[in-house]
Amino acid sequence: METNLTNYHCHTVFCDGRVGMETMIRFAIAKRFTSLGFSSHAPLPFQTPWTINKSDMSDYFAEFRRFKNKYKDKIDLYLGLEIDYLNDKYNPSNEYFKNLPLDFRIGSVHLLPDINENIVDIDCSVQRFHNLVNKNFNNNINLVIRLYFYNSIHMVKSGGFDIVGHCDKMLYNVERVCPGKTSEEWISQLLSDYFGLIAENGYMVEINTKRYLEQKVFSPDEKYFTTLYDLGIPVVVNSDAHYPNKINDGRKEALFALKKAGYTTVRQLYNGKWVDVAIG
């Protein structure tokens, strides 16, 4: 079996996506996708404009079931959530998330506590990130980096998910605020420890292609693909699509880069199970 067109990281209007499920599905079918997975940003213990409300979860499941049945002869559909690691009580291993009938779970870090223990969103534009570092972290970017990997590492230790989402995404902003920073040895060691822990626990790593066509970067960065391969970490290629025309962005380039790093297979869902399929 060789790689088909798939994507398991899609957002719809249930969270911060721009279209409904059916629009995304119909576009995927038109582009000859064989499977598609929805991964709304999971509910948080406070309101945000980018996460699904807990009160909408029953509608999320009901709408998915309706379209899964409607399009069962045209595409395999899967339902997941992208779940934030917030702290040791609210994370993918939370009993609420563990008991949901999901096909897959993506574990991600978008939020950090600032120096006053306020929760701030660090997955933002470069300028906003710069302002947050100055205002919320006393211009201590090293602190922000350590907090990010502290939460990321504890997410992996806590478990409750299948895929590590965009695992070094914040470093894109770090490098643009402080050029050369991400090449420092202590950051390389943090990443090495992080990837090693992911390998030990048997998780998949997402190759997130969302920014590739515009900014020529993957998450994790392509320079780490060989490290992932050497550690035996399975990978799944996702585009983190918020618009239907983005569901295939960067996929071809990611597969090519993975082959250069030594990978011969990637993970895809087939009949509800994760399987290794050859990179065509």
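The values are calculated or read from the model by the stated rules, or taken from the named source; none is laboratory data. Quick caveat, the model's predicted, so the values are computed rather than measured. Every residue, glycine as well, gets a Cβ built from its backbone with ideal geometry; the counts of neighbours run over all protein chains shown. Ligands, DNA and RNA are stripped out before the accessible areas are found, and what is left, the full protein with its side chains, is counted by its heavy atoms. Shrake-Rupley method; radii C 1.70, N 1.55, O 1.52, S 1.80 Å.
Out of all the residues in the range 257-277, is one or more assigned to a loop (DSSP other than H, G, I, E, B), of a type outside the set (F, W, Y) and under 22 Å from K169 (Cα atoms)?
no
Considering the range 212-259 alone, what residues qualify as being of a type outside the set (F, W, Y) and closer than 22 Å to V13 by Cβ?
If the condition is that a residue be of a type outside the set (F, W, Y) and closer than 22 Å to V13 by Cβ, then N238, S239, D240, A241, H242, P244, N245, K246, I247, N248, D249 are the ones that fit.
Can you spot a residue in the range 43-59 that is in a loop (DSSP other than H, G, I, E, B), acidic (D, E) and open to solvent by 10 Å² or more (accessible area, probe 1.4 Å)?
Within the range 43-59, not a single residue is in a loop (DSSP other than H, G, I, E, B), acidic (D, E) and open to solvent by 10 Å² or more (accessible area, probe 1.4 Å).
Which members of the range 23-40 meet the condition of being open to solvent by 10 Å² or more (accessible area, probe 1.4 Å) and closer than 16 Å to E63 by Cβ?
T23, R26 - these are the residues of the range 23-40 that are open to solvent by 10 Å² or more (accessible area, probe 1.4 Å) and closer than 16 Å to E63 by Cβ.
Report, ordered by the first and then the second residue, all pairs with beta carbons closer than 7 Å, sequence separation of six or more or different chains, a first member in the range 4-29 that is closer than 23 Å to H110 by Cβ, and a second member that is part of a helix (DSSP H, G or I) and open to solvent by less than 30 Å² (accessible area, probe 1.4 Å).
Short answer, once both residue conditions are applied: C10/M24; T12/M21; T12/M24; F14/Y60; V19/P244; M21/F64; M21/F67; M24/P244.
Consider I187 carefully, then state whether it is touching a Phe, Trp or Tyr at 6+ places or on another chain (Cβ under 7 Å) and hydrophobic (A, V, I, L, M, F, W, C).
Spelling it out, it is not the case that I187 is touching a Phe, Trp or Tyr at 6+ places or on another chain (Cβ under 7 Å) and hydrophobic (A, V, I, L, M, F, W, C).
Yes or no: G262 loosely packed, with under 15 Cβ neighbours inside 10 Å, out of contact with any Leu (no Cβ under 8 Å at 6 or more places or on another chain) and within 21 Å of L77 (Cα to Cα)?
No, not satisfied.
Go through (1) open to solvent by 10 Å² or more (accessible area, probe 1.4 Å); (2) outside any loop (DSSP other than H, G, I, E, B); (3) farther than 14 Å from N7 by Cα and name the single condition D88 misses.
Condition (2) is where D88 drops out.
Looking only at the range 223-259, count how many residues are of a type in the set (V, I, T) and open to solvent by 20 Å² or more (accessible area, probe 1.4 Å).
So the answer is 2.
Output the residues belonging to the range 133-163 that are open to solvent by 10 Å² or more (accessible area, probe 1.4 Å) and in contact with an Asp or Glu (Cβ under 8 Å, 6 or more places away or on another chain).
Answer for the range 133-163, where residues must be open to solvent by 10 Å² or more (accessible area, probe 1.4 Å) and in contact with an Asp or Glu (Cβ under 8 Å, 6 or more places away or on another chain): N136, I153, H154, S158.
On the basis of being within 18 Å of N7 (Cβ to Cβ), of a type in the set (S, T, N, Q) and touching a Cys at 6+ places or on another chain (Cβ under 7 Å), does S108 make the cut?
The answer is no for S108.
Pick from the range 164-195 the residues that are under 17 Å from the mean Cα position of the chain (by Cα) and in a loop (DSSP other than H, G, I, E, B): which of them is surrounded by the fewest Cβ atoms within 10 Å (Cβ to Cβ)?
Filtering the range 164-195 for residues that are under 17 Å from the mean Cα position of the chain (by Cα) and in a loop (DSSP other than H, G, I, E, B), the one surrounded by the fewest Cβ atoms within 10 Å (Cβ to Cβ) comes out as K169.
Identify, from the list R65, R26, R18, the residue that is charged (D, E, K, R) and touching a Leu at 6+ places or on another chain (Cβ under 9 Å).
Going through R65, R26, R18 in turn, the sole match is R65.
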